[in-house]
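Down below is the structure, laid out as structure tokens.
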Amino acid sequence: MRIGVPVETNEGLESRVSRHFGRARYLAIADLTGDNFGEVRFVELPESHGPGELPSLAAREGVDVVVAYGIGGRALAAFSELGIDVITGVDGTLGDVLRGLAEGRIESDPGWAEVIKREKSHD
């Protein structure tokens, strides 16, 4: 299974998960086989993009599952149309996320949408 995680920086496993998929600078991609993940590669994301462009990019990269903290409704719909599963509300470092997936213990914040709304109101 190929995992895509939107991250803020390209710092290997120490890269932080982006608070919002559409504002991420990179999409970290790793293959998960059983309880192991392979080499991680980083795809730089465009600073400006239109609806559906980032989900299409993930599909071209062969991503099966996206693990993100916050993500917009249109992007969620686009991922669904492309057959890509999305796990939301996941925070931490890329290493935390990949190890959690490999070990079958990923933690998700069910209130992520409210957190994003509060953060936007303070921008």
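The values are calculated or read from the model by the stated rules, or taken from the named source; none is laboratory data. The structure presented is a predicted model; accordingly, all values stated were derived computationally and were not measured. As a convention, Cβ positions derive from the backbone with ideal geometry for all residues, glycine included, and neighbour counts pool all protein chains shown.
Going by what's in this entry, would Y69 be described as under 18 Å from V7 (Cα atoms), at pLDDT 95 or above, crowded, with 17+ Cβ neighbours inside 10 Å and not hydrophobic (A, V, I, L, M, F, W, C)?
So Y69 does not fit the description; no.
Being crowded, with 20+ Cβ neighbours inside 10 Å and either modelled with pLDDT of 90 or more or over 14 Å from the mean Cα position of the chain (by Cα) (or both) narrows it down to one residue among P51, P46, P6; which is it?
Going through P51, P46, P6 in turn, just one is crowded, with 20+ Cβ neighbours inside 10 Å and either modelled with pLDDT of 90 or more or over 14 Å from the mean Cα position of the chain (by Cα) (or both): P6.
List pairs: first residue in segment 38-53 and more than 14 Å from N10 (Cα to Cα), second residue among the basic types (K, R) and in a helix (DSSP H, G or I) anywhere in the structure, Cβ distance under 9 angstrom, at least six positions apart or on different chains.
Matching pairs, first to second residue: P51/R74; G52/R74.
Since E103 meets every condition but one in (1) within 15 Å of V17 (Cβ to Cβ); (2) modelled with pLDDT under 95, which condition does it not meet?
(1) is the only condition that E103 fails.
Condition test on R60, is it charged (D, E, K, R) and surrounded by 16 or more Cβ atoms within 10 Å (Cβ to Cβ)?
no
Give just the number: which of (1) closer than 13 Å to I3 by Cα; (2) surrounded by 14 or more Cβ atoms within 10 Å (Cβ to Cβ); (3) hydroxyl-bearing (S, T, Y) does S18 not satisfy?
(1)
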